[in-house]
Amino acid sequence: MPEGHNLFSGLADFSFQQTLGRLIAKVLYVLAILGGGITVVALVVTTYQQSPSQAVLTMVFGVVGLFVWILVVRLQLELALQILRIADNIEKATHSGGGSA
């Protein structure tokens, strides 16, 4: 993406010449971490109101689940970014006349 372009100018690009994937991936990753953390805390608090011993188990499994959630989200975002990089490289190769045909 050329310099001087940000998320808001990219949203107004109706010709779809700018890719916002890299900017959005950062935001989505932070939101996934925050959302997962808030969910674990809410589950522990709710479970603690019912049974303190179950709250401890919920906290342990919640933290493990949170790490798995973060891993899955990170891998999916990296896959999406790699696909965008492949598409950019294919576009550069086909428009620069670097093909062998």
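A few remarks follow.
- Gain in span if fully extended, Thr39 to Val63, counting 0.36 nm per residue against the direct Cα distance: 7.6 nm
- In this view, the solvent-accessible surface of Glu78, computed with a 1.4 Å probe and all protein chains in place, comes to about 80 Å².
- Translational diffusion of segment 26-79, µm² s⁻¹ [Kirkwood Rh, Cα pairs; Stokes-Einstein; 25 °C; 0.890 mPa s]: 211
- In this structure segment 16-101 gives 76 Å² per residue of accessible area when probed at 1.4 Å with all protein chains present.
- Ranked by solvent-accessible area (1.4 Å probe, protein heavy atoms only, all chains present), the residues Tyr29, Tyr48 order from largest to smallest as Tyr48, Tyr29.
- Only protein heavy atoms count here; under a 1.4 Å probe, Arg74 has an accessible surface of about 110 Å².
- Each Lys or Arg adds one and each Asp or Glu subtracts one; over the other residues with Cβ under 15 Å from the Cβ of Tyr29, this totals +2.
The values are calculated or read from the model by the stated rules, or taken from the named source; none is laboratory data. Remember, predicted model here, so these are calculated numbers, not experimental data. Note that we place each Cβ from the backbone using ideal geometry, even for glycine, and neighbour counts take in every protein chain shown. Protein only, heavy atoms only, side chains kept; ligands, DNA and RNA dropped before computing areas. Shrake-Rupley method; radii C 1.70, N 1.55, O 1.52, S 1.80 Å.
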